[in-house]
Amino acid sequence: DAMVIQNPRYQVTQFGKPVTLSCSQTLNHNVMYWYQQKSSQAPKLLFHYYDKDFNNEADTPDNFQSRRPNTSFCFLDIRSPGLGDAAMYLCATSSFDWGAYNEQFFGPGTRLTVL
Amino acid sequence: KQEVTQIPAALSVPEGENLVLNCSFTDSAIYNLQWFRQDPGKGLTSLLLIQSSQREQTSGRLNASLDKSSGRSTLYIAASQPGDSATYLCAVTGRDDKIIFGKGTRLHILP
């Protein structure tokens, strides 16, 4: 089945130790998103790619970076995690065709714990 | 700046009842509005997508409507079941490519 896969599902890191979260998709969608969701809050968009075109949200901290080496994969790098970065990180994909965004599909998420 | 509000924040109803969840947004310049379901500790499952040119979408017991001019969407769930218990989120994709989520409605269906 076509899907969005996130690895790892659970990540524990130490304060200040860089961490990379990965997302892959078999949907061949041209748009990929990274969201941060803290407990009992709405998902917050960090950035998205339209093909290789990177779009950063204005309030996304510089501590968060992303790479999309090809259509299928997208990575979220947190350069120096702080305690406030502990959250669920959600990857999603969509297609943008004929001037419209289509349905977003989400992965299961990676829960990040910062010690 | 787009703001998305969902009312109520939480809702408990007996099994078998029909119910309506509400989503409102402040900027009508949107590509689409999408409804999701989220179970505790899980990712989001897409329920229905309504493009800006559409008025409603239906899938099984679910029906979502969109009134772009008034900035409102509703999700109607017919004949609710205990398995419908989850948090329901709406998200708006704006013409500026920004996606804004509401805080969700926590739904509990009482057996």
Check your understanding: Taking only pairs six or more apart or across chains, which ones have beta-carbon atoms under 8 Å, a first residue in the range A:70-99 that is farther than 20 Å from A:Tyr49 by Cβ, and a second residue that is open to solvent by 10 Å² or more (accessible area, probe 1.4 Å) and of a type in the set (Phe, Trp, Tyr)?
Key -> A:Pro81/A:Phe15; A:Gly82/A:Phe15; A:Leu83/A:Phe15
Practice item. Might you let me know whether the range B:14-23 holds any residue that is within 10 Å of chain A (Cβ to nearest Cβ), open to solvent by 10 Å² or more (accessible area, probe 1.4 Å) and more than 15 Å from the chain's Cα centre (by Cα)? Key: no
Review point. Quick one: in the range B:31-76, which of the residues that are more than 14 Å from chain A (Cβ to nearest Cβ) and among the small types (Gly, Ala, Ser) is nearest to A:Pro43 (Cα to Cα)?
Key: B:Ser73
Practice item. Scan the range B:83-100 for residues that are modelled with pLDDT of 95 or more and in contact with a strand residue (DSSP E or B) (Cβ under 7 Å, 6 or more places away or on another chain) and jot them down. Key: B:Asp84, B:Ser85, B:Ala86, B:Thr87, B:Tyr88, B:Leu89, B:Cys90, B:Ala91, B:Val92
Revision key, fill the gap. Among A:Gln25, A:Gln6, A:Gln37, the single one that is within 14 Å of another protein chain (Cβ to nearest Cβ), buried (at least 17 other Cβ atoms within 10 Å of the Cβ), closer than 23 Å to A:Asp97 by Cα and within 14 Å of the chain's Cα centre (by Cα) is A:Gln25
Review point. For the range A:79-101, what are the residues that are crowded, with 20+ Cβ neighbours inside 10 Å and in a loop (DSSP other than H, G, I, E, B)?
Key: A:Pro81
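So, restricting to strands (runs of 3 or more DSSP E) that lie completely within the range B:7-111, which ones have at least 1 residues that are over 26 Å from A:Val4 (Cα atoms) and basic (Lys, Arg)?
Because the criterion is at least 1 residues that are over 26 Å from A:Val4 (Cα atoms) and basic (Lys, Arg), the strands (runs of 3 or more DSSP E) in the range B:7-111 that meet it are B:72-77.
The values are calculated or read from the model by the stated rules, or taken from the named source; none is laboratory data. This is a predicted model, so every value here is computed, not measured. Heads up, the Cβs are rebuilt from the backbone with ideal geometry, glycines too, and the neighbour counts pull from every protein chain shown. Remember, those area values only see protein heavy atoms, side chains included, never the ligands or the DNA or RNA. Shrake-Rupley method; radii C 1.70, N 1.55, O 1.52, S 1.80 Å.
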